Amino acid sequence: MVANLYFLPRPIITVLCFLTALAFSSFSIADQVTAALDKSIISESEAVQLTIRTDFANTANGPDLSPLKRDFEIVSRTQNSQFSFNLGTNQALNFWVVTLMPKAVGNFQIPPIKVGELQSEPLYLEVKPAKQMTDKLGNPLVMLKFKSDITEPYVQQQVLVTLELYTAVPLQSANLTTPNHPSLLLERLSDDQMRYEEINGTSYQVLTREYVAFPQLSGPIELVNQSVEAMVNTHTGIHKVSIKSTPISLNVLSIPASYGNSNWLPTNAVTARSVLSNGASNPRIGDTLFWDIDITAQGVLGEQLPVISYPSNRAYKLYPASPNYETNKNINGVTGHASMRIEVVPTQSGPLKLPDVQVTYWDPITRQTKVATASAAVVDVAPLPNNSSTNQSDPTNPITDSESTLKQEIPPQSTSVAPISLAKSKQPNSTQEKSIESPEPVEVIITTPNNSSPHWMAIAAGIIMLIGGIGLGLWIILKRRSSFVADAASSVPTLQEFAPLSSGNEEAAYQQLIKGCRHSDLNTLRLNLLEWARHRWGDDAIRSVDDIKRLTDTPHLTQLLMEAELVMYSSSASSYWNGDALADALEEYVTGQTKPSQASQLKTLYPNF
């Protein structure tokens, strides 16, 4: 049996092949959302990049990343768009590259990412525990130490708390926690201190942050461990480091029962000063003397120092002013200072002896009560001229009962600190009233001159001279100010004197700039840019990075410089900078040769796209 074979003409076969290819082409470019990960297994401190691609133009607000926030921290997000035309049809490609940082260890599912009305397929990622990042010598790249100078302080005793951050590599977007506790009065002691230290062959940059704390309650207090989170750029990529310190445990002691003073003052060093000064060389009764009292204590605030008050007596009257309290900070902690000035008015002749200044405090080192004492010098008070004969007529005359009563101290006032009046109180005894001599009336005679015109002439002449003197003084001041401004303008240093170039030529500065960009060294980027630009365009044309943007006149390079500046001045912990793109743009500008586009690189990384 022979089958009949029918052959179609060649033109018909060609048309059928074209229609078949067109059908498959239409099927292949159907709208879809594709997602891919650059890694399927990462460590806890390692970032992963999620790439999302769409084959349609209407993407609305882009991909919905909210399902990722439960298990991942979104570090950054970039977008790129492409358009292509083929056989009379057009195709729009949109790419989103999202950098993710896992929040925990385990197996995670990247949920379907929705873009418009379509969504991608789910992905799977395994996160393993992160190993401690070390250098070639096996030393950790980042360390954090948290310590205190004492572990058993008394209530309200000073405790110095130190937080030290050791780094062997530059950190990006570092976030260092601040110690805090409800039972501690805690504040910064000084600005951050920076030093360099070598440990086991590794050179560390050490940032030291000092705090001072005052426990407010007795009993155990624990300061939780502090932590630092940052991004580190290594040869294996960008990693997130999270380092924690050990906690601090304090056992706060209560006020000892043997401390008998009502004002609790825990310190190991107190100094007191008591000085009585007078304006006259031979003070008399009724003159005003000044009694200055100063108290300084280490490790306490100025408000913790005691309030000192003394009563007046029949030998002198005291008029205290309001005390001044200060607190000074240094590397050894705080120092409290209290100063007071009291006006002293003698009311009796003879030696004037003021009471001693005594400050009771508790020494935490020896655990004993101590007293700091200061005494003012004794001053001899002379009698009034009209009372000298009466007071010194008979030195052998015994003191009567009324005179002994006058020498008794007046108790201090409990409800007022106002100055005590010098007026004597009335005595019921009539014989004492008769003995007080009443002052004789003073007769004042006022005479009016007959002719007052010379006085008015003198006043007018004085006013004219005063106005002339003021005008001359203003002219001299303006003359000196103009000459000072001219001298200051002539002494302004030039840019070459203020910031001389450190590299020999433009090529050396350019290589240093490219090297810093390749290492993503954001700290030296601005200096390297200005160094290269000053070699290329001269010091007169370069003042800032904005001049580089203007002179290069390249939108892509300007955008990368702006992005670097945003990261440089950003305080967000989720910001980091990769300098490879800026290095490529600088090389394109200098050499004039275009680098491969991102589309070709994505096609190489993801051949299925």
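The values are calculated or read from the model by the stated rules, or taken from the named source; none is laboratory data. None of the values given here were measured: they were computed from a predicted structure. Please note: Cβ atoms are built from the backbone with ideal geometry, for glycine as well, and neighbour counts cover all protein chains shown. These area figures cover heavy atoms from the full protein model, side chains too; ligands, DNA and RNA do not enter into them. Shrake-Rupley method; radii C 1.70, N 1.55, O 1.52, S 1.80 Å.
Only one of the numbered conditions (1) under 39 Å from the mean Cα position of the chain (by Cα); (2) hydroxyl-bearing (Ser, Thr, Tyr); (3) open to solvent by less than 60 Å² (accessible area, probe 1.4 Å) is violated by residue 322, and that is (3).
Just one of the listed residues (564, 581) is of a type in the set (Gly, Ala, Ser), at pLDDT 80 or above, part of a helix (DSSP H, G or I) and closer than 28 Å to residue 176 by Cβ, namely 564.
In the range 364-381, the condition of being hydroxyl-bearing (Ser, Thr, Tyr) and surrounded by 17 or more Cβ atoms within 10 Å (Cβ to Cβ) is met by no residue.
Checking each residue in the range 97-149 for being of a type in the set (S, T, N, Q) and surrounded by 14 or more Cβ atoms within 10 Å (Cβ to Cβ) picks out 99, 119, 120, 139, 148.
Could you list, in sequence order, the residues of the range 444-477 that are open to solvent by 100 Å² or more (accessible area, probe 1.4 Å), at pLDDT below 85 and part of a helix (DSSP H, G or I)? Listed by number, the residues that qualify are 455, 456, 457.
Taking (1) hydroxyl-bearing (Ser, Thr, Tyr); (2) farther than 30 Å from residue 187 by Cβ; (3) without any contact (Cβ under 8 Å) to a residue 60 or more places away in the chain; (4) open to solvent by 30 Å² or more (accessible area, probe 1.4 Å) in turn, residue 316 satisfies each apart from (4). For the range 345-363, give me each residue that is among the β-branched types (Val, Ile, Thr) and either touching an Asp or Glu at 6+ places or on another chain (Cβ under 8 Å) or open to solvent by 50 Å² or more (accessible area, probe 1.4 Å) (or both). Correct list: 345 only. Residue count for the range 163-191, restricted to those that are free of Cβ contacts under 8 Å to residues at least 40 places away in the same chain and either in a strand (DSSP E or B) or more than 30 Å from residue 220 (Cβ to Cβ) (or both): 7. Looking across the range 151-162 at every residue that is in a loop (DSSP other than H, G, I, E, B) and open to solvent by 10 Å² or more (accessible area, probe 1.4 Å), the one that is nearest to residue 200 (Cα to Cα) is identified as 151. The set of residues in the range 74-94 that are touching a Phe, Trp or Tyr at 6+ places or on another chain (Cβ under 6 Å) and modelled with pLDDT under 80 contains only 92.
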